[in-house]
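Working notes, structure below.
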Amino acid sequence: MDIRSWFMSRQSKFHNSWGKSDDCCSWEGITCDNGTRRISRLKLSQIPFSDEYWNMSLAMFSPFRELQLLDFAWNSACLQNFEGLEGLSKLKYLDLSYNCLLEGIPGSVGKLISLEVINFNGNYACANLHNTGFQNLHNLRNLRELHLGSNLLRGSLPASLFALPFLEYLDLSDNLFEGKIHINSSSNLHLKINSNHLELRNISSLSTFIPTPNGFLPTSLFTLPCLEHLDLSHNVLSGSIPTSVFLLPCLEYLDLAHNFLQGHIPINSSWNLRELDFRSNQLSGNLPASLFALPSLKYVDFSKNLLQGHIPINSSWKCSSLLQTIRLSENKLSGKFDFFWLRKCMNLELIDLSGNTGLVVQLKLHGWVPKFQLKTLKLSSCNLHTSMIMNPHFLHTQRYLEILDLSNNNLSGRMPNWLFTNEAALAYLDLSNNSLVGSLDLIWQHQTSLELLDISLNLVEGHLPKNIGLMFPNLFFLDVSHNNISGRIPSSLCNIVAIRFLHLSNNKLRGDVPSCLFTHTIIILKLSNNCLGGKILDGVSDFSNMWQIYLDNNKFEGTLSRNFSGNLQVMDLHGNSKISGELDTSLWNLPNLKVLSLASNGLTGDIHPRICNLTRLRLLDLSSNYFTGHIPNCSSTLPLEFLSVSENSLSGFPSDFFTSSYITVLDLSHNQFTGNLEWTYYLSIISVLLLSNNKFGGQISPNLCHLQHLSIIDISHNILWGSIQSCIGGIPFENPDAYEYNWPTIIYAIEEVLDDYFSYSSQYELQGFNFTTKRNRYTYGRNFFMSMSGIDFSANMLSGDIPKEMGNLSHVKSLNLSNNFFTGSIPTTFAKLSEIESLDLSENKLNGSIPWQLTRLSSLEVFSVAYNDLSGCLPESGQFGAFDMDCYSGNKNLISCTDGSGPVVWNGTVGNASDDSDPILYVVSAVSFVLAFWATVTFVFCHSFGQRAILKWATGE
């Protein structure tokens, strides 16, 4: 055939069946009429051509006079010579979508009078419909569907478009149309007009995006008396739901999902409404009782809102005979919900009450056998009783259950292996985050239907079955993480062709990892926190299929692979201390890499300049290795949000590599970096800045004061000198929740079709950072970081007065200025450090007294002013009454002024007030000495016991 020769000339990788037989009717994509044996259907969509864009003459199809269906969609062809189709008088279905009609909608389309479906979506056919072949639309009397979306068409819509007698579906979305739409009031047209500028009249079915500037529902929608189907989902609509939207007399389907609507739900029980979808808004208040009184209710979804109170269903409820779906998940519903109340429902297929932590769900049958057969039951976080697993009478009645989610309920008892039977139709089973015991060894039935199994965060023991690949041959997702599973990883996992997500982390697995897992079609592989060993990655370097790999905190060893390639986005190998050697430069050629953690290994050598190729890298942790040399100076800024190279032997002046405006956490501590801190000016959204234990010098730059999002800064153990800038006191050091820049996290959301839908979210967080406070070194991750703020300028050569403005740092919890040369007094403004928990001013040259106002610091737990030149009384009220004497050591002029107490003893040496001490204290001390002297004299010479004591001493008795 000529068409086959043409495809071959274009070097297209078309169906292998073409040309293998003389009968073209047997070729893939071709259907022939049984009687005439002439071609009636051609399906040629998504053909991989060698050129991205190429010219295509439609005259090629002119010989096929009996053709009724032509599908040439998604081929990126520049379509020409549309006139070549004019002779196809029997053509009913024409799909040329997602190609390129550069000359606009062809004029000859109006001559194909048998057409019933036209799909020109996504062709960038920039034109005005009045100036195209659509002037002849009145000829297309049989047209049922017309798809013109995403074409940049402009102008007003011709009236003839709405005069077609059988037109049922019209897609005009994502164009530049304007003006009015006038439709006959009896029309049943389903109209999709999102992203245009059109007015509405007499529409019975509408799916639209509302581009209104204020985000409120336009009132023009509520003047459509024939409207039956209204879809305004995925907009930015806000405010309350107007009552008038529910007064539309013919409305049956209402979808306002994924907006920002607030307030109560004004529902009238007399409506004809069948389907209500209000998920993912901000609706509040109680669910109206009239909702479940709708006589024709079939589908209701109010999930992911802020609804409160009980579900308005009770034992006397008259369930709509049509009701199939109830979705009320992720609200704040409370009270009791008894499945016995659903006994009059005949057709229920889906119930989702998950995420209502105040709701108590009961499934006692009371001798009742349900008339419905559920396909989906989701009761995550619903305070279920253990009898749900131990005495599962209700579940035994649901023979066609496909999706079952009982996660997050603290259910105890043994693994419900009775769920795995020959009759089971389960495709999705989630029992995660409970307290179930037992093992998977007892599951002996093959589960051909099961696609998702999640038993993570339980107490499951034993080994993974050696024949797990035979037991679950169609698994798509397997998560057994956070249990007590031991033994080896069975190689039969590689026999599960469909598996894409494999999570075995946080168990007691040991031995080598089957190398086939690294080359399988798995896209996310998590084996963290086990006792796995062997050569790291088993020499595999091609990761074409895998997106994320987690092998951290195991016992892998050896050097990393060479010649890395593939589509990896996350690679976490940290915490394998026996991984050694230098990094191969091919590691920096993974174009999609967003997260790389090689921390706490034994890696050596330089960091190669090719790291600058990782233009999507957002989180990088190379800490606690043996890297040397300089950090490369990249010509373009990387989008790094988290960077840690701490505890290496890196040196040199910080390059542009560190000055990304995206960085929120930067840890360069414990290296040999030099230079000043002027470069920190560019860290505009930095939250955590850790530069301790380096060789940074110079004065503290005023540029630090521009870092208004700081939560923690540590520049201790450097050779910085000069005074602290007073503007430091103007940095808010607020809780990170107070602004948008937060702990850097990579979140991956993946959706796959599984009955209704299956969504998977993978959130990656790095292991955290170290910060010293309260005389101890702590590791802070996301959770602790949210509640921590601190400053550590200790162990430098800073001098001068401590700025009184630092007293404005009311949110700081830890302040360490020790081991410097500060002089002057302790600022009384420090009394305003209302959240301070650790304050260390030791080993400076501070003088004067300790301000009594500091006793107001009710959160203070650790305090030290040791080894200064302080004098005066020790504060002993408030928190200071609990501090030991060590925190005052080395201040010889500090004394305790408590009544009846003597001078403070420092390591056996009595501390007395010197001549330059407080004059009042001097007078008090002098008077006390005189009184004590004369009391002693009187006692010795006037009291009989004293006289005898003197006489014995004089005679030597």
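The values are calculated or read from the model by the stated rules, or taken from the named source; none is laboratory data. Quantities reported herein were computed from a predicted structural model and do not represent experimental measurements. Backbone-built Cβ (ideal geometry, glycine too); neighbour counts: all protein chains shown. Heads up: the accessible areas ignore ligands, DNA and RNA and are worked out on the full protein's heavy atoms, side chains in. Shrake-Rupley method; radii C 1.70, N 1.55, O 1.52, S 1.80 Å.
Sorted largest first by accessible area at a 1.4 angstrom probe radius, with every protein chain in place, the residues R610, R144 fall in the order R610, R144. One chain, two ends: E678 and D884. Fully extended at 0.36 nm per residue, the span grows by 70.1 nm beyond their Cα-Cα distance.
What the Cβ-Cβ distance of S435 and K90 gives, at R0 = 51 Å and to the nearest 0.05, is a FRET efficiency of 0.15.
Sequence-distant contacts, meaning Cα pairs under 8 Å at least 6 residues apart, place the relative contact order of region 575-715 at 16 percent.
In this structure, S486 and V360 have a Cβ-Cβ separation that, at R0 = 41 Å, corresponds to a calculated FRET efficiency of about 0.65. Solvent exposure of L677, expressed as accessible area, is near 0 Å², computed with a probe of 1.4 Å over the protein chains only. In the context of the full protein assembly, I719 retains an accessible surface of approximately 90 Å², using a probe radius of 1.4 Å and ignoring ligands and nucleic acids. Given +1 at the Cβ of Lys and Arg, -1 at the Cβ of Asp and Glu and no other charges, the dipole of region 782-871 around its Cα centre is 200 debye to the nearest 20. Working from label points 7 Å from Cα in the Cα-to-Cβ sense, the C873 to N545 distance is 7.8 nm. On the basis of the beta-carbon distance and an R0 of 41 Å, T585 and N55 show a calculated FRET efficiency of 0.45.
Name the shape class, rounded, prolate or oblate, that the alpha-carbon gyration tensor gives for region 528-578, where a ≥ b ≥ c are the square roots of its eigenvalues, rounded holds for a/c under 1.5, and otherwise prolate holds if a/b is larger than b/c and oblate otherwise. Because a/c hits 1.5 or more and a/b fails to exceed b/c, region 528-578 counts as oblate. Only one residue of V665, P654, G729 has its Cα farthest out toward the positive end of the dipole of region 644-739, where Lys and Arg carry +1 and Asp and Glu -1 on Cβ, and that residue is P654.
Each Lys or Arg adds one and each Asp or Glu subtracts one; over the other residues with Cβ under 11 Å from the Cβ of Q373, this totals +1. With the simple model of a label 7 Å out from the Cα in the direction of the Cβ, M390 to S290 spans 4.5 nm. A full extension of the chain between S238 and V117 corresponds to an added length of 39.9 nm, given 0.36 nm per residue minus the alpha carbon distance.
Distant-in-sequence amide contacts of G848, defined by a placed amide H-H separation under 5 Å and a gap of 5 or more residues or a different chain, comprise S871.
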